[in-house]
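A quick write-up on the structure given underneath.
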Amino acid sequence: MDNEKPEAKAEQNNSAAESTTLSRRRFLQAAGAGALAVSSAAPLLTASSSVRAQGKQQVVVRGLGGAYQEAMDKALYKPFTEATGIEVVVQPATAAQIRAMVEAKRVQVDVVDLLDVALLSLDKIGALEPIAYSKMKYTNPNDIQPGVRHPNMVGNLYFATVMVYNTDVFKSANHPKSWAEFWDVSKFPGARTLADQKSGAAELEFALLADGVPKDKLYPLDVPRALKSLDRIKKDVVKWWDTGAASAQLLERKEAVIGAIWNGRAQDLIDKGAPLAIEWNQAKRQVQYWSVIKNSPNAANAQIFIDFALQPKVQAALTRYIAYGPTNQAAVKLVRPEDAAKLPSMPDHFSVGFDQNAQWWSDNLSTIGEQWQSWILRRT
């Protein structure tokens with residue numbers, strides 16, 4: 001969620017934001033390699049320092065930039081401030097900075113909004129506070145999907161990596177409808193794009209599905225088999241994308257005519273008139289999570305913020321601005337029908353997709369990174 005990450009204006013915003021904002025790619029590179037030394041990113045909390053100087057109540061939230069941050073601002077940040085008087089300060093922070101803050105007990109970011117694999121890596125080092133479910137007033141914790149309700153992290157939204165194709169090249173009745181067909185370049189020719197490991201995770205699951213592995217038998221991933229499957233289309237992949245913005249640009253500019261990208265990014269382009277469509281079959285679902293960083297300066301406000309963010313009306317409102325699905329089951333009935341059709345957590349889409357095993361990826365991230373780097377540099 002990368003929500004998240006979902007672009008003419010939005011993509012321009014992303015290009016600027018991604019140079020300073022913690023992306024899935026940058027976080028997982030650091031977490032996977034264990035290279036969590038202090039980053040050379042821009043100094044933290046320039047904005048929040050001025051807010052603190054004015055003596056205002058605040059909560060500092062790690063932001064993602066682009067269309068996702070714009071959606072959060074409309075559905076969550078502004079309504080939260082109006083309701084509570086607590087100002088939301090959106091601040092970029094790298095994984096290296098977060099870990100350094102925790103270890104030095106000089107934490108400057110209160111709330112993180114991160115991919116499941118990334119937060120599991122932080123939780124391993126004791127960087128996260130327990131979620132105060134018993135004190136929630138805006139949200140009934142029992143309404144949150146049980147599978148995303150954990151002691152130190154709670155699901156914010158569902159997103160998915162989906163097959164996206166150019167409708168000028170592939171007509172609706174004749175486009176790839178499975179990853180096996182995506183791999184069939186003779187029947188469905190054209191430049192492809194898939195995620196690089198630098199994006200957070202290479203598409204090993206899709207490679208195994210293309211090679212005949214059932215979606216309920218994917219884990220533990222057979223990495224050598226997945227890479228051998230990827231060998232078959234390596235020469236047809238015009239670019240292995242490393243950011244959500246890059247993936248969307250490749251399809252928008254027709255440098256690739258079919259690819260696997262985050263559904264929100266794709267939907268944003270489709271809504272703006274791009275000749276693209278989504279195939280939901282065998283989509284890979286993931287979860288974006290909220291957590292409170294241990295020893296954060298505004299921990300009480302952070303808990304209130306997460307409580308407010310999870311309530312049905314806020315989660316439903318977010319779907320109006322970006323196509324990511326609620327984790328609060330009570331929010332589903334508040335989602336407009338025209339928005340529901342675009343969400344990965346809606347029943348029709350949910351039934352044909354599968355969930356990425358975030359724990360497996362967290363446990364194997366470093367090893368996968370080494371194997372991927374060796375494979376990507378090898379000539380076909």
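Return the lysines within reach of residue 342: Cα separation strictly under 23 angstrom, same-chain partners fewer than 8 residues apart disregarded; answer none if there are no such residues.
5, 9, 74, 171, 177, 215, 254, 272, 284, 313, 333
Which net charge results for the neighbourhood of residue 111, defined as the other residues with beta-carbon distances under 14 angstrom from its beta-carbon, given Lys and Arg at +1 and Asp and Glu at -1?
On the way: positive: 62, 294; negative: 87, 110, 113, 129, 307.
Neighbourhood net charge equals -3.
For region 261-328, state which trypsin sites (Lys or Arg not before Pro) are in a DSSP loop and have at most 14 other beta carbons lying within 10 Å of their beta carbon.
Details: sites: 265, 272, 284, 285, 294, 313, 320; in loops: 272, 294, 320.
Answer in residue order: 272, 320.
Work through the residues other than residue 136 whose Cβ is under 12 Å from its Cβ and net out their charges, Lys, Arg +1 and Asp, Glu -1.
On the way: positive: 135, 137, 149; negative: 143, 307.
Residues near residue 136 contribute +1 overall.
Measuring from label point to label point, each 7 Å out along Cα→Cβ, what is the residue 172 to residue 374 span in nm?
If labels sit at residue 172 and residue 374, their model points lie 4.7 nm apart.
What part of the accessible area of region 154-208, given as a whole %, is carbon or sulfur when the probe is 1.4 angstrom?
Exposed carbon and sulfur together represent 51 percent of the surface.
For a quick check of your reading of the filter: which GluC sites (Glu not before Pro) in region 188-278 sit in a DSSP loop and have no more than 11 other Cβ atoms within 10 Å? Don't skip to the answer; put the middle values down first.
On the way: sites: 203, 205, 252, 255; in loops: 203, 255.
Loop-located and lightly packed - none at all.
Extension gain residue 367-residue 281, at 0.36 nm per residue separation less the Cα-Cα distance, in nm? Walk me through the numbers before you get to the answer.
Working: separation 86, 0.36 × 86 = 30.96 nm, distance 2.90 nm.
Value of the extension gain: 28.1 nm.
Quote the FRET efficiency, to the nearest 0.05, computed for residue 78 versus residue 336 with a Förster distance R0 of 25 Å and r equal to the Cβ-Cβ distance. Kindly include the intermediate steps, with their values, before the conclusion.
On the way: r = 20 Å, r/R0 = 0.79.
Efficiency, from the Cβ-Cβ distance: 0.80.
Give me the net charge of residue 278's neighbourhood, meaning all other residues with Cβ under 11 Å from the Cβ of residue 278; Lys, Arg count +1, Asp, Glu -1.
For residues surrounding residue 278, the net value is +1.
With +1 on the Cβ of every Lys and Arg and -1 on the Cβ of every Asp and Glu, and nothing else charged, how large is the dipole of region 93-222 about its Cα centre, in debye rounded to the nearest 20?
On the way: 14 positive and 16 negative charges, 60 e Å.
I would put it at about 280 debye.
Hey, rough spin-label estimate for residue 329 and residue 348, points 7 angstrom out along Cα→Cβ, what's it come to in nanometres?
Modelled inter-label distance: 2.3 nm.
What dipole magnitude, in Debye to the nearest 20, does region 262-312 give about its Cα centre under +1 on Lys/Arg Cβ and -1 on Asp/Glu Cβ? Provide the component values of the computation, followed by the final result.
Values: 5 positive and 4 negative charges, 36 e Å.
I would put it at about 180 debye.
7 Å from Cα along Cα→Cβ at both residue 253 and residue 216: what's the point-to-point distance in nm?
Result: 4.3 nm between the two label points.
The values are calculated or read from the model by the stated rules, or taken from the named source; none is laboratory data. Since the model is a prediction, treat every value here as computed from it, not as a measurement. Cβ sites come from the backbone with ideal geometry, for glycine too, and all protein chains shown count toward neighbours. Ligands, DNA and RNA are stripped out before the accessible areas are found, and what is left, the full protein with its side chains, is counted by its heavy atoms. Shrake-Rupley method; radii C 1.70, N 1.55, O 1.52, S 1.80 Å.
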